[in-house]
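J.: What follows is a structure written as C-alpha cells; I'll ask about it next.
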Amino acid sequence: MKAIRVSAYGGPEVLKLEEIPAPKPDAGQVLVRNHAVGVNPVDTYLRSNTDNRGPKLPYTPGSDTAGVVEAVGNGVTSVKPGDRVYVGGTASGAYAELSLCGEAQVHPLPARVSYAQGAAMNVPYATAYHALFQRGHGDAGETVLVHGASGGVGIGAVQLARARGMTVFGTAGTAEGRRLVLEQGAHHALDHTAPDYLDELLRLTGGKGVNVVLEMLANVNLAKDLDIVALHGRIVVIGNRGTIAINPRGAMNKNAAIIGVALFHASPAQLAGIHAALVEGLGNGTLRPVIAQEIPLAQAPRAHEAVMAAGHRGKIVLVP
Ligand code: NAP
C-alpha cells in the first residue's frame, strides 16, 4: 500500500510517499481502507520532533481517518467489513491507504456524513468536547469565548456549545473566517487581530465577561483571557506555542481556574462518552465538520504548510 513515511525529523519535505506492506488485523483489531485523512497541527510538531515528542523513526504520521472496514481480527463484534467508519487513533498511522486500529478506536460514520467530514472528527471534535464539557464544565445558559474559532477544534467547539444552549463568541483573523464562525452557530464573531476586540466582548456581556474561554493560542492570549473571564470562570488551554507572563492575581480576583487539556490524557471511559456524543451529533446533523481543503496524499508536505498558515476556514484533509 501507499503511505507517507517519516525517516528523519524535519520540515514538511521529510514526508515521503512510499510503498510499504499492507498491515493485517490481529485479534481485536480492525483494518480500515482510508478515504480521507485528517491533518492536525500536532502532526507537524511530531514530524519536527518539537519538545522531543517525535515518534520512533521511521513512522507513518496521523491519527484521524475515515473510510470503510476492510477486514477485522478475531473477536471484533462492533464492526464488520464494508461498514463506514471514522477512526480516532491507529496502531499503524493514518497517512496511508490502510490503517490498523484497535476496535475501540473505530466509530460508525452516519450515511449523511462525508468521509472528509469523518476525518475531521477525532482530534478536533473530541478535543473540543473534552475541553468544553469534561474539563471546562461548560453548561447551558453560560457564555463561552472560542478564542480561535475558525480552525478544526474551534468550529467543533462552536457547534457543540451552541447545541448545548450556551451563548457563543468566536474569533477569527479574517473576514471569511468570521463569516464561517457565524454560519456555524456563534452568536457573535470577533477579530483577534483587532486592537479592541475584547472590549467589544466585555460590552456584549454587560461587563461580566465569559464563563468559559477555550484558548487556542495561550502564549498570545492568556493574560488577556484573565481580563475577560467572568467571576468563577474557567480558561481552558487547548493550544499553546510558546511562553507568556501573566499576573496570577487576575485568577485570584475572580476565583477563576486555568485548566490545561490534552486529549491524550482523556481516560478510556471519557473517550467512549465523547465518541458516543459525537456519533449522535453527526447522525442528527448538530455536528457538521467544515472542510477547507482536500489535498492528495502524495502532497502531504503542502498540507503541513497549510495547517500552520493563518486564515483558517475549517479542516484540511488528505485523500489517499
Ligand atoms: P487549526 O485548524 O490550525 O486552527 C488554528 C486556529 O487558531 C484558527 O482558528 C486560527 O484563526 C486561530 N488563531 C490564530 N491566531 C490566533 C490568535 N492570536 N488568537 C486566537 N486564535 C488564533 O488548529 P486546530 O486543529 O483548531 O488546533 C488549535 C490549536 O489547538 C493548535 O495549536 C493545536 O496544536 C491545539 N490542539 C491541542 C489539542 C490538545 O489535546 N490540547 C488537541 C487539538 C489541537 P485564524 O487562522 O482565523 O487567524
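J.: Heavy-atom accessible area of His35 with all protein chains present, probe 1.4 Å, nearest 10 Å²?
T.: Accessible area of His35: about 80 Å².
J.: Filter the cross-link list Lys24/Lys315; Lys254/Lys315; Lys56/Lys80; Lys2/Lys315; Lys16/Lys56 down to pairs whose alpha-carbon distance in this structure exceeds 27 Å.
T.: Correct reply: Lys24/Lys315; Lys254/Lys315; Lys56/Lys80.
J.: Can you compute the radius of gyration and Dmax for segment 81-160, using only the Cα atoms, both in Å?
T.: Cα radius of gyration and Dmax of segment 81-160 are 14.5, 44 Å respectively.
J.: Using modelled backbone amide H atoms (1.01 Å from N, in-plane), which distant-in-sequence or interchain residues come within less than 5 Å of Val290's amide H?
T.: Those qualifying (amide H under 5 Å, at least 5 residues apart or on another chain) are Lys315.
J.: What percent does the relative contact order of the chain come to when contacts are Cα pairs within less than 8 Å and at least six residues apart?
T.: Across the chain, relative contact order equals 19 percent.
J.: Mind checking the full-extension length gain between Ala309 and Lys16? Use 0.36 nm per residue of separation minus the Cα-Cα distance, one decimal, nm.
T.: Contour length minus the Cα-Cα distance gives 103.4 nm.
J.: Please state the equivalent ellipsoid semi-axes for segment 166-234: what are the square roots of 5 times the Cα gyration tensor eigenvalues, largest first, in whole Å?
T.: 18, 14, 11
J.: In degrees between 0 and 90, to the nearest 10, how far off the longest principal axis of the chain does helix 268-284 point, with axes built from Cα atoms?
T.: 90
J.: Take Arg203 and Asn255, extend 7 Å from each Cα along the Cα→Cβ direction, and tell me the distance between the two endpoints in nm.
T.: My value for the distance between the label points is 3.0 nm.
J.: Counting only residues 5 or more places away or on other chains, whose amide H sits under 5 Å from the amide H of His35 once H atoms are built in the peptide plane?
T.: Residues meeting the amide H criterion: Ala66, Gly67, Val68.
J.: Can you work out ³J(HN,Hα) from phi for every residue in segment 30-43, in order, using Karplus 6.51 cos²θ - 1.76 cosθ + 1.60 and θ = phi - 60°, giving whole Hz and x for Gly and Pro?
T.: Going residue by residue, I get 10, 9, 10, 8, 7, 9, 7, 10, x, 10, 10, x, 4, 4 Hz, with x marking Gly and Pro.
J.: Also: What is the projected area of the convex hull of the Cα atoms of the chain, averaged over all directions, in nm²?
T.: Average projection, Cα convex hull of the chain: 15.5 nm².
J.: Okay, next question. Give the dimensionless ratio obtained when the Cα radius of gyration of segment 15-145 is divided by 2.2 N^0.38 Å.
T.: 1.14
J.: Shifting gears a bit: At 1.4 Å probe size, put Met308, Met121 in order of accessible surface, largest to smallest.
T.: In descending accessible area the options line up as Met308, Met121.
J.: A further question follows. So what are the three principal axis dimensions of segment 113-152 from its Cα atoms, in whole Å, longest to shortest?
T.: Extents along the principal axes, in whole Å: 33, 19, 15.
J.: For Leu57, what is the net charge nearby, where nearby means another residue's Cβ is under 11 Å from its Cβ and Lys, Arg count +1, Asp, Glu -1?
T.: Within the 11 Å Cβ shell, the charges total +3.
J.: From the C-alpha gyration tensor of segment 124-264, pull out the three semi-axes of the equivalent ellipsoid (sqrt of 5λ each), sorted largest to smallest, in whole Å.
T.: Taking √(5λ) for each eigenvalue gives 19, 17, 15 Å, largest first.
J.: What does the charge add up to near Gln184, with Lys and Arg as +1, Asp and Glu as -1, over the other residues with Cβ less than 13 Å from its Cβ?
T.: Residues near Gln184 contribute +4 overall.
J.: On to the next question. How much of Thr243 can a 1.4 Å solvent probe reach, expressed as accessible area in Å² and rounded to 10?
T.: 130
J.: While we're here: Given a 1.4 angstrom probe, I'd like the percentage of the accessible area of segment 124-264 that is carbon and sulfur, rounded to a whole number.
T.: Carbon plus sulfur share of accessible area: 52 percent.
The values are calculated or read from the model by the stated rules, or taken from the named source; none is laboratory data. These numbers were taken from a predicted model, which means no experiment stands behind them. Note that we place each Cβ from the backbone using ideal geometry, even for glycine, and neighbour counts take in every protein chain shown. In case anyone asks, the SASA skips ligands and DNA or RNA and just uses the protein heavy atoms, side chains included. Shrake-Rupley method; radii C 1.70, N 1.55, O 1.52, S 1.80 Å.
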